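Notes follow the structure.
Read-outs throughout are calculated quantities, based only on the coordinates presented, and are distinct from any laboratory measurement. Nothing here was measured: the structure is a model prediction, and the numbers come from that model. Ideal geometry is used to build each Cβ from the backbone, glycine not excepted, and the neighbour counts take in all protein chains shown.
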Amino acid sequence: MEENIKDTVKQILTEYLQKNGHRKTPERYAILETIYSITGHFDVEGLYKQMAEKEKFRVSRATLYNTIVLLIDAGLVIKHQFGNTSQYERSYKNETHHHMICTSCGKVTEFEDEALKEAIAGSPLRNFQVSHYSLYIYGLCARCQGSKRKK
């Protein structure tokens, strides 16, 4: 299953690059391959380190940022803004999920809730066709709640 997804996203990227007059570089495909081997969120620094250490493929941070912009435009990556940090995740065949963000330590926890999904899907949005959505819930995680109680 996972290999089928990687083949499909490579094809989507190839079609996007051709359609928009961008070059098909090995770096872009290596970045896509690495992103689709990550489950969950990642930031550019973590991606940079993973590519250098695990994948043995060195690319500059500028190349990473530029490629991520292309991948977002191609619909293959989603960008999240959690407070002051940008994090990304793959979007193709990624189940809709929600995020709880701790306003004290910054921890991000993903969760799924069928009742929330159904409520959002059933919401009448006039003159608007939904392609996808993200839900962010801000508050204090259990650890930070415990720390505040001790003080």
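Annotations
- Note on Glu3 and Tyr29: their simple-model spin labels are 1.6 nm apart, each label 7 Å out from Cα toward Cβ.
- Solution diffusion estimate, µm²/s, Stokes-Einstein, the stretch 98-150, Kirkwood Rh from C-alpha pairs, 37 °C, viscosity 0.692 mPa s: 251 µm²/s
- Note: the stretch 2-90, Cα convex hull, 91 Å³ per residue.
- The chain, helix-only ellipticity at 222 nm - DSSP H runs n ≥ 4, -39,500 (n - 2.57), divided by all residues, nearest 500: -14000 deg cm²/dmol
- For the options Arg90, Arg23, Arg61, a Gaussian network treatment of the chain with springs between C-alpha atoms closer than 10 Å singles out Arg23 as fluctuating the most.
- Neighbour count of at most 13 Cβ within 10 Å plus DSSP loop: longest chymotrypsin sites (Phe, Trp or Tyr not before Pro)-free window in the chain: 1-127
- DSSP assigns beta bridges within the stretch 98-150; of those with both partners inside it, close to 45 percent run antiparallel.
- Linear extension gain, Thr109 paired with Val69, 0.36 nm per residue minus alpha-carbon span: 12.0 nm
- Amide H contacts for Lys107 (H built 1.01 Å from N in the peptide plane; partners 5 or more residues away or on another chain; cut-off under 5 Å): Cys102.
- Karplus (6.51, -1.76, 1.60) ³J(HN,Hα), θ = phi - 60°, over the stretch 85-96, in Hz, Gly and Pro reported as x: 10, 9, 10, 10, 7, 5, 10, 5, 6, 9, 4, 4
- Crossing angle, helix 26-35 versus the chain [Cα axis fit, 0-90 degrees, rounded to tens]: 30 degrees
- Taking every DSSP beta bridge that has both ends in the chain, the antiparallel portion is near 70%.
- Histogrammed with a bin width of 5 Å, the alpha carbon distances of the chain distribute as 2, 8, 16, 17, 18, 15, 12, 8, 4, 2, 1, 0 percent, first bin at zero.
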